[in-house]
Structures are given as structure tokens and as C-alpha cells.
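S.K.: The structure that follows is given in the form of C-alpha cells.
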Amino acid sequence: MSGGVVSLTPRIAYAQAPTVSSIIVQGNQRVESDTIRSYFRPGPNGQLDAFQIDEGVKALISTGLFQEVRPTIQGGRLTITVVENPVINRIAFEGNKKVKDDQLKAEIQSKERGTLSRPVVQADTARIVEVYRRSGRFDVRVEPKIIELPNNRVDLVFEITEGVKTGVRVIEFVGNRAYSSYRLKDVIKTSETNPLLAFLQTGDIYDPDRIEADRELLRRFYLKHGFIDVRIVSALAEYDPNRRGFVITFTIEEGEQYRVGAVDVQSTVRSLDPALLRVKLRVYPGDVYNAEAVEKTVEDMTIEASRQGFAFATVRPSATRDAQTRTVNLLFTVTEGQRVYIERINIRGNIRTRDYVIRREFDIAEGDAYNRALVNRAERRLKNLGYFKNVKISTEPGSAPDRVVLNVDIEEQSTGEFSVSGGYSTADGFMGEVSVAERNLLGRGLYGKIAVQYGQYTKGAQLSFVDPYFLGYRVAAGFDVFYRQQLPTSYVSYETDTVGFSTRLGFTLREDLALQLRYSLYQQKIVLAPNLTNCNNINPDFVNTFPTPDKFGTTPALTPPPGFAGLANCYADGEASLAVKSAVANGPVLTSLVGYTLTHNALDNNKNPTAGLLAEFRQDFAGVGGDVKFVRTTADLYNYREVFPDIVGLLHLQGGQVAGWGGSGLRMLDNFQMGPNLVRGFAPAGIGPRDLTQLPFTGIFGDALGGTYYWGASFELQTPLYFLPKDAGMKIAAYADAGSLWNFTGPTTFPATGEIISGSICPTFGPGIPNAVPCPIDNAMHVRSSVGVGLIWESPFGPLRFDYAFPLTKEPYDRIQQFRFGGGTKF
């Protein structure tokens, strides 16, 4: 294909330019003749030289409306003969399966009902090739076809041969000593092609822009871990025809790891005390140098200075290295910056999201002092919302030298979610969930979700709503309405039905500290199968002839009296413990409680942490109305640290206490029930005080009663499986657990009246019963411990975990579950 043809008559040396008496236009069909004549304007004397004609022809060609313009001059008459470009009737794509027509049409410049320009078609062909190369198909071939139609119209068809996907076959690192190639592969976005996971992968496509971004990710990773002299020398991509893919090689010069030496803060701003800013330090002597911590310190100090009334203060860090001691002395200097104000904030690209949803993430507004740290924080907040695919904040000069305009360019993405989830665990069996959620409801930044669960042992429904900026403040307000039915399992003999609602307020005290206040109102009811209450009519005098078994379930030798066979038969099909029967007799119970949670989160990555601390402290106060009164306190601490290269250690400490108040005792359901959530290797509700009443008759331990105190400690080491590709997402874990649950404070004596529990088999029936003794319950603090291994898999079907644990210390009545599995997915 060639461009437009310009045909000029040979230039003749005139003593003076020829006089043009008229301009004739020929060949035009759509463009008016006067429009064409306007490009050739003779001078005052009617003169038009060859240069002016040449410029007019070029101007006509540049409009894209003509493929040929031919001027001729004869007898003072200028004739302009044109051949108009045809009109594109239709644009079609053939052979494209991996890229949709709409995406390709958005990339090309040629448009339907526009004129056909052959140079533009050539450029469009190159753009289509580039689209396919960005998706990893370097074998693509594109051939444009022009089909002529009547009335100077054409169809433009791009015939596409997509070819096979060209992925990244191998990623290699050269010069890395401190970190393995496997660990560095986890840092970058580009990944190696895995045939088994190809339908899920997106990062295995060769993309030069992504490779360049990976260089920056590697650099920041090393700077975060103390390698202040690191250089990512090159990122070389070579196509390997044998592997039919690219080999990416990153060359790294790590340098030495540095620690922080002295840290100081100085201020050249009058009246600004550096001591006010020292509390914002995130780097301390002896720490491994962390560039991210330095950046966060600069940001926090700048914001604090602004709060103190120094809106234009600028914090600049400087580092002095000591190569011999491998330390870095840090000095944060506060100076008076340039006085610049924000004239305007322009929001561009938001189609669905309201402007105020974006503006409220800024701590500054029009007319405020320009503060780069606050702008960076706003950009980070916008990216973390999950509403936008891309966010970029740029500046341009304002109407005066001390004015600046902020341009916020965003690209929205889908925020709705319809999911069907499925899962299985050894505790809950099979379970499915159907949910509809929207993270940006009505474009107002609201969150809403409706979910229905149906499982082998669990059924329920939930409605949730959250306003992250309640009444315009940075306070998250939300509520939940829920119903849950927990059916009996091999671990729990009774059914629990719960219905209620909760409301909550969340406050961000700092970026790493959050407070949540909540109120809950729910009703719980226990349901027992008839066969679990058929021993209720046993004669108390007969029952009291049996001695009480000890905690090991042993009883002194005794000759069974007449009727023993019937008693044993009534236990043969199971029998609920008296504590459970008492809860059934009390009927549905209404619980009204207020509570709070204080959370400190300093993890480096919430999804896959390798360093940092997560601590939660929770308290609930029941008795604000309702039928029960108790105070429940729990705490959890997770500490992650890389103990060896690519081996992450996790220390988990937990504990809790619950007690009644106002003379109110505790229901069994208000006690803590512990199992693998405290010490792996034990069954759900497999640890702690247990009813041993029916053991002499059936050899079966009764229901778990729970306890009012618990503590637990766990240490775990996690490491990836190096022989598998990174995208397999598999890790192995080895762990040791220890913990205890004790001090059941519920009743161990029950009245011998009432339809549900009259004549219960427990040899204690309350006042007036001869020789009555408490039910056999072991309430001491016995330490349970275990060791085990686990497999953690971020699978295509969702997160899965397999654990096999071996109990080291246990009580005879504890219930063991050495293998445990759980997981689920969304699709």
C-alpha cells in the first residue's frame, strides 16, 4: 500500500507568477468544491506560483480525505483533479479468538463511516500486532484486506493469525547471594509458564514494561532489607527457539547488608521542636536498614509538622555510611519548603464513582498548602480501595507561581462480585456458599453483601452493609443480620440455632492501629435428638447405688443391681450431658453484648507475611439487657520473622478468660470450646473439661463442657517447595503446639425435677438426695502439646491446608484428630 499521490506539473521559471483566472475542481464527490478551492488562494493580482500550489496540494493530502491530488494549469485556469479516499463501511476482524473485537477496535485509528487512509491502516496493523505481543503472542500475523463496494465505499477486514502464546519459560538471577532465586521470584510480578496452571496465569506473558517494573521491585526489596548499595544491573530477555519462549536473566550486584547506626532529627524551622518529630521515627539503632521505613518516617514527620502549624515544612533524610562497621547513620533535617498552594484538584476518568468518594481520601483540599507526603498518602489510599485499576496523581502549574493544580487520573474496574464457594473440612464437612457483593455500591463507596450458606453440618444466611465514611468522618459503620444452624456432628451432640444482628464502628487510630466498637444481639437455642434424652426417667435411688467414676473413667468394683441392663441399654444409643440438658430446659436465651477490638498490624504483607507483628485484644460485655451476664477477654499475638533465608518463623501466643458478673453463672455455650484452634492433633471441642458420667455404662466420654480460661503457644516454620514452580503456591510447615483449657464453672448438680432432666443418670440430683456428689469433671489445668507437619497450598481451587499432628501430652478423655484438612474456592 502506498500513500496519497501528489502530481505537479513541472515548475517553469516565470519572470513572474502566472495569473490564475479560475480554479476548477474535478473528481470530488463528498467534499465541496469551495472547500478544496480554499486551499489555493491567489494573491491580490490573481497570481499563484508553483510553491503555493505545492503547499495547497500537501495540505489537502494531510486532511486524509484524498488519496490523490493532481493540479494542472492551462490558459490561466488551475484545474484540481482529486481522487477521494473511500468511506469505510465496516471494520471486521477474522481469526481473533484470544482478543475481542471491541478491544481491537478501541486500539485502531480507522473508524467506521470515516475515510480510509492507507498509512493509517498500516499503523493500525502495527497496533494490533502490539496488542497481541503484550498478551504474549509474538507469532501473530495481521494482514489488512480492503474490499471495494459501490459508491466509493469499502469494507476493511483484518485477517489475524494469532499463533501460540509466547511465555516466559525460565527466570534466572545472577549475582544473588543473600536470597535464593526462589525467594526473588516471589518478589517480581513476572512468573514462569506452568502448563498445569496456564489457565490461571497472567504474569507468565513476556511484557517489557513488566520486566522493567520488576527491576524496581527487586531494587526496593533489597533496600528494604539493608542492601543500600544494591544495583539491578540488567534485565535481559532472550527468545529461546528450543523452549519456544523467553529466558529472562536479572543481573544483581547486592553489596553488603547495613544496619542503622545513629539516628537524629534536626530542624532549621524556627519554633519547630525536633523532639515533637522524634516520636514518629520508624528506624532505630541496631535495626537492619529499611528504605521503606525511612520513607514512612519522612511521611509521618511531614504530616506531624503540618499538624503543628508548619504546613510548608519539608523533611529530607540523609545517610552517612561506615563501610567498616556496615552501619548507616541517618539524619532527618526539617527545612522550610517553598510556599505553594493547591489551586484546584481535578478528578478525571471516574464514570461511576462519585467525586466525593475520591476527594475524601485526601487530607488536603483546594486552598491548602501543597504537601507531597499527603498527596502520596492519598494516592496509596485510592489504590488500596480496590475500586480502580490505575491511579495516578500528577501536578501542573497553576495560575500563579505559587499555585499548583493536582490532576487525579483514574481507571475504574469492576467492583461487583457474584461467587459460588465450595469447601470441605474435617470439622464442618462439605459446605457451599452463594453470595452477591458490591464494594462500591451506587458509586458511593459503600459495601454490601448477601450470602447464603448450605453445608453438611452448617446452614445459614447473612446480610452485611458497611459505610467506610460514616457521616462524612473516617469512621467505618456497618451492620450484619445473620442466621446460623449448626447441626450435631461426631464432636458435638446437640444442634445450635442462632439468629441475631450486630452493628459496629471502626476507627483508624494510626496506619498500624485500629479500634472497633460493636454491639450484638442474638438468640441461641439448643435442640437435642430424642434418643439423647431417653435416660431421664431412671430411679434416683437406683442411680445413687453407683459410685462416681474418677477423671480416668474408672470405678470401684461393684456388683450390678437388678435393672442395670436397662440402664446400660438406655445409654447404648447415646445420652446428652446434664449441662446440655440444662441448657435445653432453659429454652432460647437472648444475649445482648457490647465489645471492642484493638488491633495493631505491622505485617509486611497481609496475605503472605514474612515479617512483622499482628496483635489483637478483644473484650465483650454481655448483660446490656438479655438473659446472660458475662465478661469475655481474649488476646492473640502473631510474630513473623525470617529465621533463615526463605524460612519464615511464626510465633503465635493466645489466651482468654470469661466470667459471669452480677451473680449470674455461665451457660455451657458461653464457655470457651477448644480443639485444633488451640493445639493441633485434637478434635474440635476435644480439649478441656468433659462429662464422664456415662463412661462406666458405655465406655464413651460425654460432651465437652468447655472452660473459662485458656492459653496457647505455637511455633511454626514455613518454607516453599523449591522443586515446584512459584505459581504452584505450595509451602510446607513444621510446628509445635501447647496449650490448656480449664475451669468449668457451670453447675455440676441439677434438681431432680423438670421434664428434661428429671431422674438424670448423674448420681447428683441436688438437695434432699442421699449421698449426692458432684458429677465427675476434671477441672484442672492440664497442658496438651503436639508436634506436626502441614502442607499449605494456594491452589486454583482456593487456599487449602493439610495437617498431620501427633499429640505428645494429653488426658485420657481428650478426643484426638491427627489429620485435619480444610479449604474452599470461589468461581
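The values are calculated or read from the model by the stated rules, or taken from the named source; none is laboratory data. Remember, predicted model here, so these are calculated numbers, not experimental data. Here Cβ is always computed from backbone atoms with ideal geometry, including for glycine, and neighbour counts include all displayed protein chains. These accessible areas exclude ligands, DNA and RNA; they are computed on the full protein's heavy atoms, side chains included. Shrake-Rupley method; radii C 1.70, N 1.55, O 1.52, S 1.80 Å.
S.K.: Condition first: more than 30 Å from residue 660 (Cα to Cα) and open to solvent by 50 Å² or more (accessible area, probe 1.4 Å). Now tell me which residues in segment 603-624 satisfy that.
M.R.: If the condition is that a residue be more than 30 Å from residue 660 (Cα to Cα) and open to solvent by 50 Å² or more (accessible area, probe 1.4 Å), then 604, 605, 606, 607, 608, 613 are the ones that fit.
S.K.: If we keep just the residues of segment 458-481 that are farther than 30 Å from residue 359 by Cβ and touching a residue at least 24 places away in the same chain (Cβ under 8 Å), which is most open to solvent (accessible area, probe 1.4 Å)? First the steps, then the outcome.
M.R.: Pass one, segment 458-481, residues farther than 30 Å from residue 359 by Cβ: 458-462, 481.
Cutting the leftovers down to touching a residue at least 24 places away in the same chain (Cβ under 8 Å) gives us 458-460.
Working: 458: 2, 459: 45, 460: 9 Å².
It comes out as 459.
S.K.: Return yes when residue 81 is surrounded by 14 or more Cβ atoms within 10 Å (Cβ to Cβ) and within 22 Å of residue 148 (Cα to Cα) and no when it is not. Let's see the steps before the verdict.
M.R.: Values: surrounded by 14 or more Cβ atoms within 10 Å (Cβ to Cβ): yes; within 22 Å of residue 148 (Cα to Cα): yes.
Yes, satisfied.
S.K.: Taking into account only those residues within segment 793-805 that are within 22 Å of residue 682 (Cβ to Cβ) and open to solvent by less than 30 Å² (accessible area, probe 1.4 Å), which is modelled with the lowest pLDDT?
M.R.: 800
S.K.: Okay, moving on. Mind listing just one residue for me: the one in segment 25-74 that is in a helix (DSSP H, G or I) and of a type in the set (A, V, I, L, M) and, of those, farthest from residue 120 (Cα to Cα)?
M.R.: Going through the qualifying residues, I end up with 50.
S.K.: Being part of a loop (DSSP other than H, G, I, E, B) and modelled with pLDDT of 85 or more: is that true of residue 99 here? Let's see the steps before the verdict.
M.R.: Numbers: part of a loop (DSSP other than H, G, I, E, B): yes; modelled with pLDDT of 85 or more: yes.
Yes: the conditions hold for residue 99.
S.K.: For segment 140-174, give me each residue that is of a type in the set (D, E, K, R), surrounded by fewer than 19 Cβ atoms within 10 Å (Cβ to Cβ) and in contact with a Lys or Arg (Cβ under 8 Å, 6 or more places away or on another chain). I'd like the intermediate steps shown before the answer.
M.R.: Initial filter on segment 140-174 (of a type in the set (D, E, K, R)): 141, 143, 145, 148, 153, 155, 159, 162, 165, 169, 172.
From the residues that got through so far, the ones that are surrounded by fewer than 19 Cβ atoms within 10 Å (Cβ to Cβ) too are 141, 143, 145, 148, 153, 155, 159, 162, 169, 172.
Matches in segment 140-174: 155, 159, 162, 169.
S.K.: If I ask for residues that are under 26 Å from residue 375 (Cβ atoms) and either β-branched (Val, Ile, Thr) or over 28 Å from the mean Cα position of the chain (by Cα) (or both), which ones from segment 282-306 would you list?
M.R.: Those that are under 26 Å from residue 375 (Cβ atoms) and either β-branched (Val, Ile, Thr) or over 28 Å from the mean Cα position of the chain (by Cα) (or both): 283, 294, 297, 298, 301, 302, 303, 304, 305, 306.
S.K.: Something else: Quick one: count up the residues across segment 393-420 that are at pLDDT 85 or above and surrounded by 14 or more Cβ atoms within 10 Å (Cβ to Cβ).
M.R.: Residues meeting the conditions: 12.
S.K.: Does segment 437-457 hold any residues that are at pLDDT 85 or above and open to solvent by less than 30 Å² (accessible area, probe 1.4 Å), and which are they?
M.R.: 437, 440, 443, 445, 446, 448, 451
S.K.: Could you list, in sequence order, the residues of segment 38-51 that are modelled with pLDDT of 80 or more and closer than 19 Å to residue 75 by Cβ?
M.R.: 40
S.K.: Can you confirm whether segment 181-199 contains a residue that is in contact (Cβ under 8 Å) with a residue 24 or more places away in the chain, open to solvent by less than 20 Å² (accessible area, probe 1.4 Å), β-branched (Val, Ile, Thr) and part of a helix (DSSP H, G or I)?
M.R.: No, segment 181-199 contains no residue that is in contact (Cβ under 8 Å) with a residue 24 or more places away in the chain, open to solvent by less than 20 Å² (accessible area, probe 1.4 Å), β-branched (Val, Ile, Thr) and part of a helix (DSSP H, G or I).
S.K.: Moving on to the next point. Do you know which residues across segment 482-524 are aromatic (Phe, Trp, Tyr), open to solvent by 60 Å² or more (accessible area, probe 1.4 Å) and either out of contact with any strand residue (DSSP E or B) (no Cβ under 7 Å at 6 or more places or on another chain) or free of Cβ contacts under 8 Å to residues at least 24 places away in the same chain (or both)?
M.R.: Residues satisfying the conditions are 483, 501.
S.K.: Restricting to segment 285-326, what's the tally of residues that are among the charged types (D, E, K, R) and open to solvent by less than 70 Å² (accessible area, probe 1.4 Å)?
M.R.: Within segment 285-326, the subset among the charged types (D, E, K, R) is 287, 292, 295-296, 299-300, 304, 307, 316, 321-322, 326.
Imposing the further condition that a residue be open to solvent by less than 70 Å² (accessible area, probe 1.4 Å) reduces the set to 287, 296, 299-300, 304, 322.
The number of residues fulfilling the criteria is 6.
Rundown of residues vs (1) under 33 Å from the mean Cα position of the chain (by Cα); (2) free of Cβ contacts under 8 Å to residues at least 24 places away in the same chain, yes/no style:
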residue: 85; (1), (2): no, no
residue: 105; (1), (2): yes, yes
residue: 120; (1), (2): no, no
residue: 138; (1), (2): yes, no
residue: 143; (1), (2): no, yes
residue: 156; (1), (2): no, no
residue: 161; (1), (2): no, no
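S.K.: Within segment 506-529, is there a residue that is assigned to a loop (DSSP other than H, G, I, E, B), farther than 30 Å from residue 362 by Cα and at pLDDT below 85? Walk me through how you get there before you give the answer.
M.R.: The first filter runs over segment 506-529 and keeps only residues assigned to a loop (DSSP other than H, G, I, E, B), leaving 511-512, 528-529.
Checking which are farther than 30 Å from residue 362 by Cα leaves us with 528-529.
Narrowing the set further to residues that are at pLDDT below 85 leaves 528-529.
Yes, some residue in segment 506-529 is assigned to a loop (DSSP other than H, G, I, E, B), farther than 30 Å from residue 362 by Cα and at pLDDT below 85.
S.K.: I'd like the full set of residues that are small (Gly, Ala, Ser), crowded, with 18+ Cβ neighbours inside 10 Å and touching a strand residue (DSSP E or B) at 6+ places or on another chain (Cβ under 7 Å), limited to segment 84-123.
M.R.: Here is the first cut: in segment 84-123, the residues small (Gly, Ala, Ser) are 92, 95, 106, 110, 114, 117, 123.
Going one step further and asking which of them are crowded, with 18+ Cβ neighbours inside 10 Å, we end up with 110, 117.
Residue satisfying the conditions is 110 alone.
S.K.: Out of the residues in segment 330-351 that are open to solvent by less than 40 Å² (accessible area, probe 1.4 Å) and not polar (S, T, N, Q), state the one that is farthest from residue 403 (Cα to Cα).
M.R.: Checking each candidate, the answer is 330.
S.K.: Identify all residues within segment 124-139 that are more than 15 Å from residue 108 (Cβ to Cβ) and open to solvent by less than 80 Å² (accessible area, probe 1.4 Å); write none if there are none.
M.R.: Residues satisfying the conditions are 135, 136, 137, 138, 139.
S.K.: Shifting gears a bit: Could you list all residues from segment 219-252 that are of a type in the set (Asp, Glu) and more than 23 Å from residue 134 (Cβ to Cβ)? Explain how you work it out, then say what you get.
M.R.: At the first step, the residues of segment 219-252 found to be of a type in the set (Asp, Glu) are 229, 238, 240.
229, the sole residue that qualifies.
S.K.: Sticking with this one: Hey, could you check segment 678-692 for residues that are modelled with pLDDT under 90 and open to solvent by 10 Å² or more (accessible area, probe 1.4 Å) and say which is farthest from residue 532 (Cα to Cα)?
M.R.: Per the criteria, the residue is 684.
S.K.: Still on this structure, I have one more. Quick check on segment 564-580. Is at least one of its residues in contact with a strand residue (DSSP E or B) (Cβ under 7 Å, 6 or more places away or on another chain) and at pLDDT 75 or above?
M.R.: Filtering segment 564-580 for residues in contact with a strand residue (DSSP E or B) (Cβ under 7 Å, 6 or more places away or on another chain) gives 580.
Checking the rest, the ones that are also at pLDDT 75 or above come to 580.
The answer is yes; a qualifying residue exists.
S.K.: Which condition breaks for residue 658 when tested against (1) open to solvent by less than 40 Å² (accessible area, probe 1.4 Å); (2) under 26 Å from residue 525 (Cα atoms); (3) aliphatic (A, V, I, L, M); (4) not in a strand (DSSP E or B)?
M.R.: That leaves (4) as the condition not met.
S.K.: Could you check segment 200-284 for strands (runs of 3 or more DSSP E) lying wholly inside it with 2 or more residues that are open to solvent by 30 Å² or more (accessible area, probe 1.4 Å) and farther than 27 Å from residue 321 by Cα? Talk me through it step by step, then tell me what you get.
M.R.: Numbers: elements: 231-240, 245-253, 259-267.
Qualifying strands (runs of 3 or more DSSP E): 231-240.
S.K.: Do you know which residues across segment 431-487 are closer than 28 Å to residue 528 by Cβ, assigned to a strand (DSSP E or B) and aromatic (Phe, Trp, Tyr)?
M.R.: 454, 482, 483
S.K.: Can you tell me which residue among 710, 638 is buried (at least 20 other Cβ atoms within 10 Å of the Cβ), part of a strand (DSSP E or B) and of a type in the set (Ser, Thr, Tyr)? Quick ask: steps written out before the conclusion?
M.R.: Values: 638 fails: buried (at least 20 other Cβ atoms within 10 Å of the Cβ).
Only one candidate qualifies: 710.
S.K.: Ok, one more. Restricting attention to segment 806-827, which residues are assigned to a strand (DSSP E or B) and modelled with pLDDT of 85 or more?
M.R.: To start, the set of residues in segment 806-827 that are assigned to a strand (DSSP E or B) comprises 806-809, 816, 819-826.
Correct list: 806, 807, 808, 809, 816, 819.
S.K.: What number of residues in segment 771-790 are open to solvent by 50 Å² or more (accessible area, probe 1.4 Å) and at pLDDT 90 or above?
M.R.: Start the filter on segment 771-790 by keeping residues that are open to solvent by 50 Å² or more (accessible area, probe 1.4 Å), which leaves 771, 773-774, 779, 781, 783, 787, 789.
Still in the running and at pLDDT 90 or above: 783, 787, 789.
Number satisfying all stated conditions: 3.
S.K.: Could you please find all residues in segment 352-366 being open to solvent by less than 50 Å² (accessible area, probe 1.4 Å) and under 19 Å from residue 404 (Cβ atoms)?
M.R.: 358, 361, 362, 364, 365
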